1. Need the failing condition index for LYS160 against (1) in the same structural domain as LYS130 (by TED's automatic domain parsing); (2) modelled with pLDDT under 85; (3) surrounded by 10 or more Cβ atoms within 10 Å (Cβ to Cβ), just the number.
2. Select from region 101-128 the residues that are among the aromatic types (Phe, Trp, Tyr) and assigned to a loop (DSSP other than H, G, I, E, B) and write down the one among them that is modelled with the highest pLDDT.
3. Only one residue in ILE21, ILE27, ILE45 is part of a loop (DSSP other than H, G, I, E, B), outside the structural domain of TYR162 (by TED's automatic domain parsing) and at pLDDT 85 or above. Which one?
4. Quick one: which residue in LYS78, LYS58, LYS98 is more than 26 Å from PHE136 (Cα to Cα), at pLDDT 80 or above and in a helix (DSSP H, G or I)?
5. Of the conditions (1) under 26 Å from ARG129 (Cα atoms); (2) modelled with pLDDT of 85 or more, GLU53 clears all except one; give me its number.
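The values are calculated or read from the model by the stated rules, or taken from the named source; none is laboratory data. Small disclaimer: the values here were computed from a predicted structure and weren't measured. Here the Cβ positions follow ideal geometry from the backbone for every residue, glycine too, while neighbour counts run over all protein chains shown.
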Amino acid sequence: MEKDHKQFIEKMFLKHSAQSIADKLQIKVWKVRHYAYSIGLKKQINKYWNSDEILILKSEYKYKGDTEIAEMLGRTKKQIEKKRKYLNLKRTTNQIRKIRGRNNVIYEHGFQKGHIPPSLRKEGEIWQRKKDKNFFTKQNGIVYKLSRWVWLSSGRKLKKGYMIVHKNKDLSNNNISNLEQIKPSENIRRNTIHRYPKELKEVIFLSSKLKRHGSKK
């Protein structure tokens, strides 16, 4: 197997199906699985779902594709599909059309036009992903969200189950002073609160303020 094929499998195996990787590389699917298993890559098929993950799935499935949600939760696309079916979370034809239109997906298995595999990115390179405007960087052969890399390289630790967000929602401002770590459920709340009536927003704001004040005592 060619070296660039091996690198591609190493980066993509836990995020995409073996079949989609095989189609992309134009090789047999058993070769993808055989190499992945030989280097210890195994998908967490029986990983339990916690309440935050289920909340994120229920909140996002109408607006984001399974591949996007899988990246958010650190799961495989297949796991997202199975859990959606189990919870009976079905998208309407219009919702599917909007998701595909926003992501500009033209390949059946989730790879986009102009997509450059992480294995082909240069060490230290920084780039922006078109579909969600997030910035990424390749450091020591590993691809990180730029915000996460800035946080970790500053010597700070990331709590288990937390994520890094931008305080002012400007994804291009990755200064450490503009970053903070929060739970995914809190991120969902922040991103959906703007849909609520003004009176309800004020109640939620005051409730959060009281909780923060109480936790400091």
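1. The one condition LYS160 does not meet is (3).
2. PHE111
3. After applying the criteria, what remains is ILE27.
4. Exactly one residue qualifies, and that residue is LYS58.
5. Only one criterion in (1) under 26 Å from ARG129 (Cα atoms); (2) modelled with pLDDT of 85 or more is unmet by GLU53, namely (2).
Here's the yes/no breakdown for (1) more than 22 Å from ASP66 (Cβ to Cβ); (2) modelled with pLDDT of 85 or more; (3) of a type in the set (Lys, Arg); (4) not in a loop (DSSP other than H, G, I, E, B):
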residue: LYS131; (1), (2), (3), (4): no, no, yes, no
residue: ILE164; (1), (2), (3), (4): yes, yes, no, yes
residue: ASN173; (1), (2), (3), (4): yes, yes, no, no
residue: ILE193; (1), (2), (3), (4): yes, no, no, yes
